[in-house]
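Okay, structure first, notes after.
No value in this document is a laboratory result; all are computed from the given coordinates. None of the values given here were measured: they were computed from a predicted structure. Because the Cβ atoms are built from the backbone with ideal geometry, glycine has one as well, and the counts that use them run over all protein chains shown.
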Amino acid sequence: MATALTIHLNTDTQDFPLGTSGIVFTEVSPANDSLIFSAGSDTVIDGAAIPSSFQLSCAGVFLTGVATLVAHYFLSDISANQLKEIHLMGQQNKRYVVAFDFGGATTSEPVLEAWDNSNMNTVLVTSLGGGTPASSWLHGVTTTDAPGPGALWEGYTLAGSSDSHFLWLNNENGALVGADTLYCNLFMRVPATQVAGGAETPVLICKYTTT
């Protein structure tokens, strides 16, 4: 029987685990919802209606000739037609940000990978390093067992499935022996060398096997 997985994002401002009373986690609909990485604006803001492509472009990160951290991370919650800010996501010392809630055992350790698309065969988009995973703008760190990644964590650059460019969500402790919740955090940094603007939609994929 396949093990059920639900993914939840901490849309609260407090750093506590999934299921803590009073802490708001929003369940992600993988087929419909998406993450938005943005500089933010009057229309791209927590609680706003899902913005148009034009509004998203206006709220994009400005290219300044220096490396720039993306300031705001949102869930585009289609069912609610609302942006929900993931306040704890980013290069900050926060642990309980992205929660992968498994309903039972797995036969492989769950991993998190980033790809161009759901076919999982290329990492050629610019934000994933343009074919060079070490140059990916997207960084991730597993926080399942850690007290916190530190205020200026770097983690791993995420792009594809090559060594050091994906996350072992169980800290390389292997397959899950029963129901468990695994955690990670993400941030995106636009390099100083980036000179052309654009919009891209890479895909984050949690992979694991079951009986």
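Where a ≥ b ≥ c are the square roots of the eigenvalues of the C-alpha gyration tensor, would you call the range 77-129 rounded, which needs a/c under 1.5, or, failing that, prolate if a/b is larger than b/c, or oblate? Judged from the Cα gyration tensor, the range 77-129 comes out rounded (a/c under 1.5).
Considering only THR6, LEU63, ALA31, and ranking their Cα positions along the charge dipole of the range 5-207 that arises from unit charges at the beta-carbon of Lys, Arg, Asp and Glu, the one farthest toward the positive end is LEU63.
Judged by the gyration tensor of its Cα atoms, with axes a ≥ b ≥ c, the range 108-211 is oblate; a/c meets the 1.5 cut and b/c is at least as large as a/b. Taking each residue as 0.36 nm, the span from THR13 to VAL177 lengthens on full extension beyond its C-alpha to C-alpha distance by 55.9 nm. Residues of the chain were split at every exposed loop site, defined as GluC sites (Glu not before Pro) in a DSSP loop with at most 16 other C-beta atoms within 10 angstrom, and the longest piece left, sites excluded, is 1-153. Net charge of the neighbourhood of TYR183, taken over other residues with C-beta under 12 Å away and scored Lys/Arg +1, Asp/Glu -1, is -2.
Applying the Kirkwood pairwise sum to the alpha-carbon positions of the range 5-207 produces a hydrodynamic radius of 17.3 angstrom.
Percent relative contact order of the chain, based on C-alpha pairs within less than 8 angstrom and at least six residues apart? Here the relative contact order equals 26 percent. Near ILE45, once Lys and Arg are set to +1 and Asp and Glu to -1 for all other residues with Cβ below 11 Å from its Cβ, the sum equals -2. Taking every DSSP helix (H) stretch of at least 4 residues in the chain, weighting each as -39,500 (n - 2.57) and dividing the sum by the residue count yields a mean residue ellipticity at 222 nm of -500 deg cm²/dmol.
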